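One structure below.
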Amino acid sequence: MSTKARFHPLNDLLPSTIKLSDRWALTLRGDGPTGATDGSSSASANVQYHAGPGFWVFGYCYLDVELLMRDSALDLTLHGPQVGHAFTF
């Protein structure tokens with residue numbers, strides 16, 4: 001059995017978090033369905049401000065979900081700003 005990790009072009013070539021300074025960082029993320037599959041797509045852009053034992057997060061998030069069921073379907077889109085604090089220890 002091989003323990004070699006699989007190469008993923010987006011994750012391995014593009015960093016998801018870019019350090020802008022000692023206290024500031026930028027995180028970009030996105031995903032979506034491939035091939036003939038439907039499902040969900042999402043994208044987000046966040047900046048982090050590191051202060052003390054944690055960091056503040058400010059950003060924007062977009063989520064689109066399409067679920068097909070037997071006799072119905074759900075098509076949902078959510079988007080908007082996000083603010084939070086992450087504690088590290």
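The values are calculated or read from the model by the stated rules, or taken from the named source; none is laboratory data. Predicted, not measured: the structure shown is a model, and the values here were computed from it. Cβ atoms come from the backbone with ideal geometry, glycine included; neighbour counts cover every protein chain shown.
Here is how the numbers come out for the structure above:
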item	result
Hey, ARG6 outside any loop (DSSP other than H, G, I, E, B), at pLDDT below 90 and basic (Lys, Arg) or not	no
Which listed residue, of GLN82, GLN48, is surrounded by fewer than 14 Cβ atoms within 10 Å (Cβ to Cβ) and of a type outside the set (Lys, Arg)	GLN82
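Rundown of residues vs (1) modelled with pLDDT of 75 or more; (2) surrounded by 10 or more Cβ atoms within 10 Å (Cβ to Cβ); (3) not polar (S, T, N, Q), yes/no style:
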| position | (1), (2), (3) |
| --- | --- |
| LYS19 | yes, yes, yes |
| TRP24 | yes, yes, yes |
| THR27 | yes, yes, no |
| GLY35 | no, no, yes |
| PHE55 | yes, yes, yes |
| LEU68 | yes, yes, yes |
| SER72 | yes, no, no |
